[in-house]
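Encoded as structure tokens, the structure appears first; notes follow it.
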Amino acid sequence: MAQVSIRNVVKRYGSVQVVHGLDLEVQHNEFVVLVGPSGCGKSTMLRMIAGLEDITSGEIRIGDRVVNNVEPKHRNIAMVFQNYALYPHMTVARNIAFGLRAAKLPKAEQEQRVREAARILGLEELLERRPAELSGGQRQRVAMGRAIVRDPQVFLFDEPLSNLDAKLRSSMRVEIKKLHQKVQTTVIYVTHDQVEAMTLADRIVIMRDGVIQQIGTPLEVFRQPANLFVAGFIGSPEMNLIEATIRHKDGQPRLEMPGGIDVPVPPRNGSGALADGRRVTAGLRPEHVVAGEALAALPEDWRARATVGVVEPLGSESLLMLDIGDREITGKAVDSNLPAPGDRAAIGFNLAHLHLFDPESEQAIY
Amino acid sequence: MTADAIGTGAAGSTRVGLFRGDKPIRPGRIVAWTILMMGGIAMVMPLVFMLSTSLKFPHEIYDLNLIPNEPTLENYTYVLADGRFYRWFINSLIVAIATTASVVFFDSLVGYTLCKFRFKGRAIVFVAILSTLMIPTEMLIIPWYNMARTFGWLDTYWGIMFPGMMTGFGTFLMRQFFESVPDDFIHAARIDGLNEFQIWWQVAMPLVTPALSALAIFVFLGNWTAFIWPLIATSTADLYTVPVGLSSFADEADVAWELIMTGASLATIPTLIVFLIFQRYIIRGVVLTGLKG
Ligand SMILES: Nc1ncnc2c1ncn2[C@@H]1O[C@H](COP(=O)(O)OP(=O)(O)OP(=O)(O)O)[C@@H](O)[C@H]1O
Ligand SMILES: [Mg+2]
């Protein structure tokens with residue numbers, strides 16, 4: 001069993017604190033993805049779990065053991081690095097066996113394990129090559145091979161796919177997912193790519209400036225972002241975030257948005273606390289700002305008009321850039337008779353998916 | 001119409017071809033070549049003279065002709081038959097190999113530590129090492145001599161070698177080269193269970209072979225040709241290195257140039273071998289470090 005517990009972990013470099021009291025429980029066999037913008041402390045956190053970096057305060061447990069003062073090699077972990085860290089002067093086989101040799105495993109067992117890893121990753125043909133003679137994706141697989149031969153309790157990945165092109169990245173994503181199902185270990189995976197996070201994770205941990213913003217399943221963080229940062233970070237294209245004001249009319253809260261748009265706030269948990277005149281930030285994902293046929297499914301008073309700026313066809317759907325007041329928001333349309341650029345078109349807001357945030361605290365309030 | 005178009009197209013392409021062939025030789029190039037050529041001759045001439053003198057009889061050495069009138073290998077037979085030269089040659093080899101091995105080992109160890117470990121005083125240590133580069137050797141000879149005399153190192157191999165067993169320059173060079181070794185390599189090795197010394201030796205060192213080779217060449221040549229300190233540190237002919245020994249061919253009465261030049265010609269052989277061996281690693285090393293994700 002290898003759950004990982006991170007309790008109130010702080011990291012300081014000199015006087016600069018980069019991780020601020022982080023708490024996280026990773027279950028056995030769970031695939032957890034740490035995601036966040038560059039410099040938010042993801043790699044630092046991962047290196048602390050690996051033991052490559054001391055922790056300033058707090059506690060890290062792997063299994064039942066506090067590992068704060070345990071050396072990396074005794075933590076029973078394996079790590080895959082962004083630039084693969086394959087030794088250029090060794091063959092693929094030697095690279096994969098490197099940790100086993102260091103651990104002085106019997107030759108026969110080394111070979112057997114290397115062969116097994118090569119089989120899982122489809123590297124049998126490449127064992128005698130050197131890293132320079134491999135493609136990016138193959139190098140990536142060798143790096144994973146080096147990790148799996150050690151049969152670790154916990155796999156740590158630090159942006160393993162960021163050096164690959166988009167197509168290879170998505171196929172390697174699938175391979176990593178398959179690998180996880182095959183080898184059944186706990187995985188902590190760092191990325192700044194939210195698509196990678198959404199597709200791979202059992203749970204996502206969203207970080208910003210060394211602080212966890214939200215922990216949840218991909219759907220939870222997508223559907224119920226805890227704050228403005230998460231709302232803007234998860235989802236592509238980004239959620240529309242619009243400055244708005246609450247106005248009560250006949251006792252019901254309504255949302256006044258730029259461009260003279262005025263829509264009701266559907267009654268739900270939290271809608272009662274919306275005082276008249278309160279400034280809020282409204283969040284609606286592009287797929288919930290619709291035009292064309294999809295309008296018919298929405299109540300009459302969830303509609304408005306907006307000027308169409310740019311139309312970006314994506315194939316099965318199109319993105320619409322819509323001007324409301326002096327703001328531009330993104331909408332989506334699926335049908336073929338789209339409004340043309342420059343049209344003053346009817347649009348609809350699917351307010352069942354409306355998010356409201358407090359502009360000061362940035363927390364979700366509705 | 002079509003034929004016309006093809007015609008002009010063909011003419012156009014010929015013209016391009018012509019332009020390519022006729023790249024005009026710019027005057028700047030001629031000047032540059034001339035200067036380079038003169039520089040090349042200036043550098044090669046002494047060597048050619050050395051070789052040619054070694055093939056001459058004593059009476060001919062002041063005729064500055066490049067091709068000896070009566071070429072002879074007599075000087076070589078003489079120098080090689082004289083046991084002293086072997087002795088000096090071995091002495092030089094011992095000194096140069098030992099200092100080279102020591103410098104390559106310790107300079108890269110210190111350079112690696114200064115580059116990859118964070119500790120209090122790291123910057124001060126580095127600056128202190130750098131500042132030794134600014135002290136000319138001539139100023140150090142007297143302190144070295146006093147030190148060697150106090151410890152009884154005069155007239156020993158150690159006495160010849162000790163000032164060069166580590167160099168500030170090599171430490172600096174290696175530190176800079178270790179910057180190019182990504183930390184992830186070191187982290188990966190640490191997770192794989194290597195100790196810090198193994199990481200340095202098995203992972204970091206193979207990645208900086210070009211720098212090591214360059215350093216080895218410099219240090220070997222420097223020690224092979226060193227003259228002043230070995231001259232001062234030794235007084236028995238048995239401990240002379242080749243340069244010191246050769247200079248002793250010039251006694252007060254008579255300078256035996258042909259013998260000096262013969263010894264010097266023979267002495268270039270190890271430097272050539274060292275260069276040929278390590279130069280390969282420089283080239284291969286560059287190929288290795290050119291590897292990126
Ligand atoms: N050795 C160090 N000394 C001082 N500050 C450091 C050191 N290593 C990292 N930092 C700082 O810690 C913060 C977090 O760095 P970290 O590498 O964990 O970011 P990250 O989330 O992995 O970013 P990226 O997506 O760019 O890899 C950054 O602000 C960085 O400047
Ligand atoms: Mg990082």
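The values are calculated or read from the model by the stated rules, or taken from the named source; none is laboratory data. Because the structure is a prediction, the values reported are computed rather than measured. Cβ atoms come from the backbone with ideal geometry, glycine included; neighbour counts cover every protein chain shown. Note: areas computed on protein heavy atoms with side chains; ligands, DNA, RNA excluded. Shrake-Rupley method; radii C 1.70, N 1.55, O 1.52, S 1.80 Å.
Before moving on, here are some points about what is shown:
- Separation of region B:44-97 and region B:232-266, taken as the distance between their Cα centroids, equals 11 angstrom.
- Projecting the Cα atoms of A:Ala282, A:Gly251, A:Val190 onto the charge dipole of chain A (Cβ charges, centred on the Cα centre) puts A:Val190 farthest toward the positive pole.
- Aspartates and glutamates whose Cα lies under 17 Å from that of A:Lys178, excluding same-chain neighbours fewer than 8 positions away: A:Glu30, A:Glu116, A:Asp151, A:Glu196, A:Asp202
- In straight-distance terms, cross-link reach from B:Lys116 covers every one of the lysines whose alpha-carbon lies under 27 Å from its own, apart from those fewer than eight places away in the same chain; here that gives A:Lys11, A:Lys42, A:Lys73, A:Lys104, B:Lys292.
- The equivalent ellipsoid of chain A has semi-axes of 47, 25, 15 Å, largest first, where each one is the square root of 5 times an eigenvalue of the Cα gyration tensor.
- Using a Förster distance of 22 Å, the FRET efficiency for B:Leu140-B:Ile90 (Cβ separation, nearest 0.05): 0.25
- Size of charge dipole - chain B - debye, nearest 20, with Cβ of Lys, Arg +1 and Asp, Glu -1, no other charges: 1440 debye
- Length-normalised contact order of region A:16-162 in % [C-alpha pairs under 8 Å, at least 6 apart]: 29 percent
- Contact surface B-A: accessible area buried, both sides summed, square angstrom, 1.4 angstrom probe: 2000 Å²
- Surface accessible to a 1.4 Å probe, per residue, for the residues of chain B, Å²: 58 Å²
- Anisotropy class of the protein assembly as shown from Cα gyration tensor, a/c 1.5 cut: prolate
- Shape class of region A:186-274 from the Cα gyration tensor (axes a ≥ b ≥ c, square roots of the eigenvalues): prolate, since a/c reaches 1.5 or more and a/b is larger than b/c.
- Residue-averaged [θ]222 nm for the protein assembly as shown, counting only DSSP H segments that reach four residues, each worth -39500 (n - 2.57): -14000 deg cm²/dmol
- Apolar share of the accessible surface for the protein assembly as shown: 60 percent from carbon plus sulfur atoms, 1.4 Å probe.
- With all protein chains modelled, accessible area of A:Asp335 [1.4 Å, Å²]: 20 Å²
- Inter-chain Cβ neighbour count for A:89-95, averaged per residue, equals 2 (cutoff 10 Å, partner chain atoms only).
- By average C-beta atoms within 10 angstrom, highest first, the peptides B:102-115, A:18-31: B:102-115, A:18-31
- This model, with +1 at the C-beta of Lys and Arg and -1 at the C-beta of Asp and Glu, gives the protein assembly as shown a dipole about its Cα centre of some 960 debye.
- With coordinates expressed along the principal axes, the C-alpha atoms belonging to region A:240-357 extend over 41, 27, 21 Å, beginning with the largest.
- Exercise: per-residue mean of other protein chain Cβ atoms within 10 Å, A:59-72: 1
- Mean separation of Cα contacts under 8 Å, 6 or more apart, over the residue count of chain A: relative contact order %: 15 percent
- Inter-chain Cβ neighbour count for A:77-86, averaged per residue, equals 5 (cutoff 10 Å, partner chain atoms only).
- If R0 is taken as 35 Å, the Cβ-Cβ distance between A:Asn269 and A:Gln181 corresponds to a FRET efficiency of 0.45.
- Cα shape, region B:78-291, gyration tensor, a/c 1.5 rule: prolate
- Residue (of A:Val18, A:Ile6, A:His28) at the positive-pole extreme of region A:1-49, dipole from beta-carbon charges: A:Val18
- Taking every DSSP bridge with both residues inside the protein assembly as shown, close to 75 percent are antiparallel.
- Cβ-based charge dipole, chain B, positive-most Cα from B:Pro46, B:Ala214, B:Gly152: B:Ala214
- The value of relative contact order for region A:240-357, using C-alpha pairs under 8 Å at least six residues apart, is 30 percent.
- Rounded to 5, percent antiparallel among DSSP beta bridges of region A:4-227: 50 percent
- Fully extending the segment from A:Asp250 to A:Ser336 would add 27.0 nm, taking 0.36 nm per residue of separation and subtracting the current Cα-Cα distance.
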